[in-house]
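The values are calculated or read from the model by the stated rules, or taken from the named source; none is laboratory data. Being a predicted model, the structure only gives us computed values, none of them experimental. Virtual Cβ from ideal backbone geometry, glycine too; neighbours counted across all protein chains shown.
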Amino acid sequence: MKPPDPTTTDAEPPIPFLATGSYPVRRGNRVRPLVDGIPAFRRIGEAVEAARRSVWVTVTFFADDFQMPDGRGSFFDLLDRAVVRGLDVRVIFWRPNPESSGYGRTFAGTSADRAWLQARSSRFRVRWDRAPAAFCQHQKSWLIDAGEPSETVFIGGMNLTGFALASPGHPEGARHDLYVELAGPAATDVHHNFVQRWNEASERMMEDGLWGHSGDDALPFPTHLAGPQGETPAQIQRNLHAGLYRDGHPTPGGEAYDIAAGERTIFEQYRRAIDAARRTIYIENQAVPTPAIARGIEAALRRGVDVVALVPAEPEGHVRQGRRDPDPEWRAFFAQIAALGRYENFTLAGIAARDGLGSRRNVYVHGKAMLIDDDWATIGSCNLHWHSMNGNSEMNVSFRDPATVKALRCQLLAEHLDRDTAHLDDRAALRLYREVAKENRRKRDSGDVDWQGLAFRLDPARYGE
């Protein structure tokens, strides 16, 4: 299906932020995207070592084989050294329920986990926090020097596992992901989020639900915004299940929010941003879009927007199961994804790197990002599947900064296409992506591993087979 080719003007309205939610739009931020595990965790390690007052972390998945880059040791080594320096160090770990215990390795506060902390003489403070039923506490964040002039946060999708450090340039277990470093007034909202979760963590009054402190050790909510650190407008957005937390104490400069009813501002932001796109939508996500998001993408395609969606070439297990499920909801889901493939201006792609043995190995796409019109982007923990949109605890930062968004687009496409697209506008860059991915698909099917870059086209009508 050939799309229209609309002209664009400088008078077009910008991608809108949200007027409702826990956190307002903040001006005056510095935003720095971090692509792939080694660069991201290197920068996080530097920030922890430079911290002056505190290090607060939220963790979903954890594996004892995880090591920080550059010889910094394990996650626990990094935190223990911070405690020795006199910092206030706190971690909120997710504790799975039986329905969610098979998703991946966690540090769930078992007797073995607590014995590990005891053997290390670890003195940082820990709380464990559950989510309802099969959902999970999926936020991944680091907060350095909360409330101080040096306050800096990191938000993204990377877990503390060895896979996070296997970049696309290292095909064995390779994984592609993103974090974003944020400083300025919006960082205070990440501070507020941590306090809200810490004070109401589900296990805080359980004997095995905390470490290094008592359950009545509450944190005060922030009372003032961090000072300006740049010029970028940004907004912290969340998905939270109803009933997790009750204290809707407002963030500085914000309004009280009925958090007991839950929050779905990431979902709403995705829909509004896609509806407002005029030239391009570039998505990287661990999941293909839910029907509600996919319908918005199809409407954008009909408007002539060029769309590229980078997803795992080998989809998540539940997608393969869904392909075999006769349930009408699954059939409707795959029909909507197949519908996108009928548009010439849509590309579904995966990436695969040469393994040094004469073949290509798929790189797992674990990022959660969307870039629109070389102007606006969102990066965080939120997948486009049903669980992230309807029950997981998620956190993203959305921001408008044409220079930063274009630079990120160029960095991502340089990795995936092995081409410099800095001289191209966003529409030409995504059309190049489509051409390269299509040709690499042809080579893959013929057994030729000599590709241009990593990206190759996937068939939306057969994804998950």
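A few notes on this one:
- Residues located in the range 384-407, provided they are surrounded by fewer than 23 Cβ atoms within 10 Å (Cβ to Cβ) and of a type outside the set (A, V, I, L, M, F, W, C): H385, H387, N390, G391, R400, D401, P402, T404, K406
- Taken together, A218, A164 contain a single residue that is modelled with pLDDT under 90 and out of contact with any Leu (no Cβ under 7 Å at 6 or more places or on another chain), which is A164.
- Of all residues making up the range 67-80, the number that are of a type outside the set (A, V, I, L, M), on the phi < 0 side of the Ramachandran plot and touching a residue at least 24 places away in the same chain (Cβ under 8 Å): 6
- Test: residue in the range 157-167 that is out of contact with any Lys or Arg (no Cβ under 8 Å at 6 or more places or on another chain), crowded, with 16+ Cβ neighbours inside 10 Å, outside the structural domain of F399 (by TED's automatic domain parsing) and in a strand (DSSP E or B): yes
- Strands (runs of 3 or more DSSP E) (entirely within the range 1-110) containing at least 2 residues that are of a type in the set (K, R) and touching a strand residue (DSSP E or B) at 6+ places or on another chain (Cβ under 6 Å): 26-35
- Restricted to helices (runs of 4 or more DSSP H) entirely inside the range 243-341, those with at least 2 residues that are of a type in the set (G, A, S) and either crowded, with 19+ Cβ neighbours inside 10 Å or out of contact with any Phe, Trp or Tyr (no Cβ under 8 Å at 6 or more places or on another chain) (or both) are 265-276, 291-302, 328-340.
- Count of residues meeting criterion [surrounded by fewer than 22 Cβ atoms within 10 Å (Cβ to Cβ) and over 20 Å from I281 (Cα atoms)] in the range 427-450: 11
- Matching residues, the range 384-420, being among the charged types (D, E, K, R) and either out of contact with any Pro (no Cβ under 6 Å at 6 or more places or on another chain) or assigned to a helix (DSSP H, G or I) (or both): E394, D401, K406, R409, E415, D418, R419, D420
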